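Report on the following structure.
The values are calculated or read from the model by the stated rules, or taken from the named source; none is laboratory data. For clarity, every value in this text was computed on a predicted model and none was experimentally measured. Here the Cβ is made from the backbone with ideal geometry for all residues, glycine too, and neighbour counts use every protein chain on show.
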């Protein structure tokens, strides 16, 4: 066997090995463009209640006072508060108010959607993902269920409510924000309005 033929065999074998390795390798997919991170004014959620449009967009209510309400469809206290939240939506809608529910839940979507359908909510409830939670400060900002964020007409957070806010206080805050008033500050420890009578 001459040297030239021997070199040919070695090169040909090396080429075949490289070719087979390349054929077995999956082509890397290009990175998925997720777009810019959402803002409060550009949130989009899959709607869980069939009587509302398939997608909830906070931009559709731009210029309104909005209450973004993080809740659980299987939480007894949340379920028991639906009638009060419905009343808020009904009483303040004509003044430019929109209530939007947001469920953070890793259970099967069909199960959560069935629970939401049974709530009797008169406001849309969407499925919130981690990007939506991050817009409001991440999981540490939603440290109670429900947690609600009251947004002024400018789309900025006017007040955050961790847990069940007494509805008379919530109605008072809503009226003030709808009238363009600034909400009085609250003591971060007690939750009471600063300067209010004990």
Answer with yes or no whether residue 140 is modelled with pLDDT under 95 and over 13 Å from residue 66 (Cβ atoms).
yes
I'd like the full set of residues that are touching a residue at least 40 places away in the same chain (Cβ under 8 Å), surrounded by fewer than 17 Cβ atoms within 10 Å (Cβ to Cβ) and not in a helix (DSSP H, G or I), limited to segment 85-106.
96
Note on residue 164: of the conditions (1) surrounded by 15 or more Cβ atoms within 10 Å (Cβ to Cβ); (2) at pLDDT below 95; (3) touching a strand residue (DSSP E or B) at 6+ places or on another chain (Cβ under 8 Å), unmet is (3)
Within segment 132-157, which residues are assigned to a helix (DSSP H, G or I) and surrounded by 13 or more Cβ atoms within 10 Å (Cβ to Cβ)?
132, 133, 134, 135, 141
Is it the case, given these coordinates, that residue 127 is surrounded by 13 or more Cβ atoms within 10 Å (Cβ to Cβ), farther than 26 Å from residue 181 by Cα and modelled with pLDDT of 95 or more?
no
Residue under question is residue 59, and the condition is that it be in contact with a helix residue (DSSP H, G or I) (Cβ under 8 Å, 6 or more places away or on another chain), surrounded by fewer than 18 Cβ atoms within 10 Å (Cβ to Cβ), on the phi < 0 side of the Ramachandran plot and modelled with pLDDT of 90 or more; does it hold?
yes
Would you pick out the residues in segment 107-131 that are under 16 Å from residue 84 (Cα atoms), part of a loop (DSSP other than H, G, I, E, B) and touching a strand residue (DSSP E or B) at 6+ places or on another chain (Cβ under 9 Å)?
119, 121, 122, 123, 124
